[in-house]
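The values are calculated or read from the model by the stated rules, or taken from the named source; none is laboratory data. Keep in mind the model is a prediction, meaning the values are calculated, not measured. Here the Cβ positions follow ideal geometry from the backbone for every residue, glycine too, while neighbour counts run over all protein chains shown.
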Amino acid sequence: MSKIVVGVDGSYCSDVALSWARREAAARGWDLTAVLTWDYLNQAGAAVGAPFDVAYDEGAAREALAEYIERAPDDETAGVARKAIEQQVVCDLPASGLISAAQGADLLVVGARGQGGLRRLALGSVSTQVLDRSPGDLVIVPEAAAPAPAPGGTSGRIVVATDGSEGATAALRWAVEAARTRGCTLEVVHAWEDAPLGGGFPVTATVHARSSYEHAARQVLDGALAGVDTSGVPKVERFALEGPAVAQVLAHARDADLLVVSSRGLGGLRGLLLGSVSRPLVHKATVPVAVIKRPH
């Protein structure tokens with residue numbers, strides 16, 4: 001049985017991530033496991049400023065997790081019921097514990113910022129570590145994210161960025177399945193920039209060069225979709241966006257239900273944990289971002 005693992009720590013952003021994961025699990029018919037990490041220096045459920053509890057144990061952590069799930073905003077009409085959520089506590093550092101708990105799962109969902117996140121940071125230290133270290137697919141849910149579309153809905157849009165690379169193809173396949181499951185529009189985007197020819201070239205040459213770049217961008221979109229079965233997706237649109245990739249993709253996906261990216265595309269050096277485009281997309285997005293790392 002397929003499964004989603006979601007990190008829970010009682011923060012507002014954790015509540016948003018839990019709500020998103022509940023709807024996603026219901027839409028896909030997958031099991032959902034809520035995971036709380038704890039240790040003796042991170043005593044979940046303790047009041048702010050509470051003294052260190054030498055008797056704190058796994059039982060106390062389980063009580064905290066159950067409380068966090070129970071007091072989270074209600075989502076019974078569209079998502080997996082609270083009583084159907086499996087609960088798991090892990091005695092470990094937050095990022096390591098979540099990654100360990102998600103082994104074998106189809107998706108790991110975390111809030112962009114948890115209890116320890118500084119307000120000025122787009123991503124907290126835990127979500128950043130999970131983003132870099134997790135070998136599986138994951139979704140980062142920001143504080144401002146709207147709820148995931150209800151199961152069976154016909155509205156909404158999923159945006160997936162592609163550059164024609166192998167990783168981008170995996171992300172596209174994942175996005176197609178997500179759009180098919182939700183019954184919503186899939187928008188495939190590719191950003192391009194022309195190279196200035198300088199003052200020594202006539203205007204006609206500049207226009208021709210720009211046209212060539214745009215044509216090449218549309219070929220990337222056509223080629224990416226040619227190798228993917230999009231049957232069952234209500235509507236598939238393609239967009240060649242002129243301008244810097246990060247800015248253009250973020251602007252296009254501003255009010256999307258989900259942005260899907262590959263962990264590394266053509267521009268990513270193999271030595272980097274995350275690609276030069278995908279990393280700032282995750283850090284700056286105001287919508288949930290699925291980072292696809294598996295080949296699919």
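Within region 70-86, being at pLDDT 95 or above and buried (at least 17 other Cβ atoms within 10 Å of the Cβ) holds for one residue alone: 85.
If you go through region 215-235 and pick out every residue that is in contact with a strand residue (DSSP E or B) (Cβ under 6 Å, 6 or more places away or on another chain) and either exposed (fewer than 14 other Cβ atoms within 10 Å of the Cβ) or farther than 13 Å from residue 173 by Cβ (or both), you end up with 5.
Residues that are touching a residue at least 60 places away in the same chain (Cβ under 8 Å) and among the acidic types (Asp, Glu) within region 16-43 comprise just one, 24. Exactly one residue out of 26, 17, 66 is in a helix (DSSP H, G or I), out of contact with any strand residue (DSSP E or B) (no Cβ under 8 Å at 6 or more places or on another chain) and crowded, with 16+ Cβ neighbours inside 10 Å: that is 26. Residue under question is residue 279, and the condition is that it be closer than 22 Å to residue 17 by Cβ, modelled with pLDDT under 90 and not β-branched (Val, Ile, Thr); does it hold? Judged against the criteria, residue 279 is a match. Within region 54-91, being farther than 16 Å from residue 14 by Cβ and hydroxyl-bearing (Ser, Thr, Tyr) holds for 56, 77. If you take the residues in region 30-46 that are surrounded by fewer than 22 Cβ atoms within 10 Å (Cβ to Cβ) and at pLDDT below 95, which one is nearest to residue 99 (Cα to Cα)? Within region 30-46, the match that is nearest to residue 99 (Cα to Cα) is 39. Across region 227-245, the qualifying residues are those that are modelled with pLDDT under 95 and either assigned to a helix (DSSP H, G or I) or among the charged types (D, E, K, R) (or both), and the one among them that is farthest from the chain's Cα centre (by Cα) is 242. Is region 183-203 home to any residue that is in a helix (DSSP H, G or I), surrounded by 12 or more Cβ atoms within 10 Å (Cβ to Cβ) and either β-branched (Val, Ile, Thr) or at pLDDT below 95 (or both)? Among the residues of region 183-203, not one is in a helix (DSSP H, G or I), surrounded by 12 or more Cβ atoms within 10 Å (Cβ to Cβ) and either β-branched (Val, Ile, Thr) or at pLDDT below 95 (or both), which makes the answer no.
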